[in-house]
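Comments concern the structure below.
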Amino acid sequence: MKIFYSEAHRQHYPSFEVFDGGIRVPYFENPDRMDRIVSALQKTDWAEFSAPQDFGLDPILAVHDRDYINFLASCWDEWLASDPEIAASPEQHAFLPATFALRRPARPTASIRGRGGYYIMDLSACITAGTYQAALTSANIALTAVNSSFILHNSSFALCRPPGHHAGKDYAAGYCFINNAAVAANWLSAKGKVAILDIDYHGGNGTQDIFYERDDVLTISIHGDPDLEYPHYVGFADETGAGAGFGFHKNFPLPKDTGDEGYLSALEEALTMIRSFTPDFLVLSFGADTFGDDPLGMFHVTRAGFSEIGKKVAGLNLPTAIIMEGGYANEALGENTVTLLKNFK
Ligand SMILES: [Zn+2]
């Protein structure tokens, strides 16, 4: 299997995030996650690593707001320029907003703090010196994977970091800056019919927002009930698309403590929907944070569960680009990822 990967993600490693609105903790979405997956893949006899190609900004601007992308590009430099104390010790800092914009009637304002509150949804999307370049490369990894799946008509793995599925058209959220899966699926949708299945523990709010009014890309997310889980305001069962997209989005919010059985039965329903949509390609947003030991999840999916999930999704027999999203039980992350991927060889 082709694995697309770049070391560029190391440029993005904030020294902290602010957890649950108050506690400063080390950044959960850290480079060690990738090291664990790479090392597990290197032990297999089927993982074939390649570097991503550069597709330029056009496919990214096809799903993201230009002013938002400009904000990501210049945020760090503007932040340093705004305060000599920050500029004196940049390694101790990460850009986070101090206030959040209420979207109506808010607008992006001239100050970097004002745009921060407008373009960032929470306190885990910290921006540092290398964030923008790492996010661009991560999007190119996803694009390279869908291009490979298109050309070779087989499955590929985009080892993306930072992840993408919480980033909306014009906002960063939940460790995500550019929505890698959405950029890649939108690019691929010019070449054939695409379905996106999001199996990260957290609802794929960004992907939902981006495709919500479209009927040419089916989007499905299986996740922790937003009544108790991040992203809290989106991902409910009654959100099913709007306008032309009505009926082309589906959320499966599942209760706390969902195990393999409950998870697999929701997955079965999702796969039935995908089959009747008859797509040419599948984009699978894969987060391993459904795992029982994950510090950011409340499901109890087991490693055997990941194997079953992989088997069932691979059973669609579609060229599938698997895009890495979350997963924070670092010690188990490599093996869990390999366990899912090996079904797609
Ligand atoms: Zn997640």
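The values are calculated or read from the model by the stated rules, or taken from the named source; none is laboratory data. Computed from a predicted structure; not experimentally measured. Note that each Cβ is placed from the backbone with ideal geometry, even for glycine, and that neighbours are counted across all protein chains shown.
Scan (1) crowded, with 22+ Cβ neighbours inside 10 Å; (2) under 20 Å from residue 192 (Cβ atoms) for the single condition residue 273 breaks and write down its number.
Answer for residue 273: the failing condition is (1).
Suppose the filter is among the hydroxyl-bearing types (Ser, Thr, Tyr), modelled with pLDDT of 95 or more, farther than 22 Å from residue 319 by Cβ and buried (at least 20 other Cβ atoms within 10 Å of the Cβ); does residue 258 pass it?
Working: among the hydroxyl-bearing types (Ser, Thr, Tyr): yes; modelled with pLDDT of 95 or more: yes; farther than 22 Å from residue 319 by Cβ: yes; buried (at least 20 other Cβ atoms within 10 Å of the Cβ): yes.
It is true that residue 258 is among the hydroxyl-bearing types (Ser, Thr, Tyr), modelled with pLDDT of 95 or more, farther than 22 Å from residue 319 by Cβ and buried (at least 20 other Cβ atoms within 10 Å of the Cβ).
May I ask you to list pairs of residues, at least six apart or on different chains, whose Cβ atoms are under 7 Å apart, with the first in the range 151-179 being over 16 Å from residue 282 (Cβ atoms) and the second being buried (at least 24 other Cβ atoms within 10 Å of the Cβ) and of a type in the set (Lys, Arg)?
Qualifying pairs under 7 Å: 161/33.
Return the only residue of 232, 165 being modelled with pLDDT under 95, under 17 Å from the mean Cα position of the chain (by Cα) and not charged (D, E, K, R).
Values: 165 fails: modelled with pLDDT under 95.
Of the residues listed, the single one that is modelled with pLDDT under 95, under 17 Å from the mean Cα position of the chain (by Cα) and not charged (D, E, K, R) is 232.
If we keep just the residues of the range 8-46 that are of a type in the set (Asp, Glu) and touching a Ser or Thr at 6+ places or on another chain (Cβ under 9 Å), which is nearest to residue 175 (Cα to Cα)?
To start, the set of residues in the range 8-46 that are of a type in the set (Asp, Glu) comprises 17, 20, 29, 32, 35, 45.
Then keep just the ones that are touching a Ser or Thr at 6+ places or on another chain (Cβ under 9 Å); that gives 17, 29.
Working: 17: 9, 29: 7 Å.
So the residue we want is 29.
Going residue by residue through the range 120-130, is there one that turns out to be free of Cβ contacts under 8 Å to residues at least 40 places away in the same chain, outside any helix (DSSP H, G or I) and either at positive phi or surrounded by fewer than 22 Cβ atoms within 10 Å (Cβ to Cβ) (or both)?
Quick first cut of the range 120-130, residues free of Cβ contacts under 8 Å to residues at least 40 places away in the same chain only: none.
No: the range 120-130 contains no residue that is free of Cβ contacts under 8 Å to residues at least 40 places away in the same chain, outside any helix (DSSP H, G or I) and either at positive phi or surrounded by fewer than 22 Cβ atoms within 10 Å (Cβ to Cβ) (or both).
Would you please name the residue that is surrounded by the most Cβ atoms within 10 Å (Cβ to Cβ), looking only at residues in the range 316-345 that are under 11 Å from residue 33 (Cα atoms) and away from the ligand (no atom under 16 Å from the Cβ)?
Checking each candidate, the answer is 334.
Please return the ranges of helices (runs of 4 or more DSSP H) entirely within the range 23-92 where 2 or more residues are closer than 19 Å to residue 113 by Cβ.
Result: 66-82, 84-88.
Conditions tested, residue by residue: (1) of a type in the set (Ser, Thr, Tyr); (2) at pLDDT below 95; (3) over 18 Å from the mean Cα position of the chain (by Cα).
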{"site": "37", "(1), (2), (3)": "no, no, no"}
{"site": "48", "(1), (2), (3)": "no, no, yes"}
{"site": "53", "(1), (2), (3)": "no, no, yes"}
{"site": "56", "(1), (2), (3)": "no, no, yes"}
{"site": "68", "(1), (2), (3)": "yes, no, no"}
{"site": "90", "(1), (2), (3)": "no, yes, yes"}
{"site": "108", "(1), (2), (3)": "no, yes, yes"}
{"site": "112", "(1), (2), (3)": "no, yes, yes"}
{"site": "118", "(1), (2), (3)": "yes, yes, yes"}
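Residue-wise test of (1) farther than 21 Å from residue 29 by Cα; (2) out of contact with any His (no Cβ under 7 Å at 6 or more places or on another chain); (3) hydroxyl-bearing (Ser, Thr, Tyr).
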residue	(1), (2), (3)
146	yes, yes, no
150	yes, yes, no
168	no, yes, no
173	no, no, no
181	no, no, no
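Based on what the data block shows, is residue 36 crowded, with 17+ Cβ neighbours inside 10 Å, in contact with a helix residue (DSSP H, G or I) (Cβ under 8 Å, 6 or more places away or on another chain), among the charged types (D, E, K, R) and farther than 27 Å from residue 151 by Cα?
Details: crowded, with 17+ Cβ neighbours inside 10 Å: yes; in contact with a helix residue (DSSP H, G or I) (Cβ under 8 Å, 6 or more places away or on another chain): yes; among the charged types (D, E, K, R): yes; farther than 27 Å from residue 151 by Cα: yes.
Here the answer is yes, as residue 36 does meet what is asked.
Condition check: surrounded by fewer than 24 Cβ atoms within 10 Å (Cβ to Cβ) and away from the ligand (no atom under 16 Å from the Cβ). Does residue 101 satisfy that?
Values: surrounded by fewer than 24 Cβ atoms within 10 Å (Cβ to Cβ): yes; away from the ligand (no atom under 16 Å from the Cβ): yes.
Yes.
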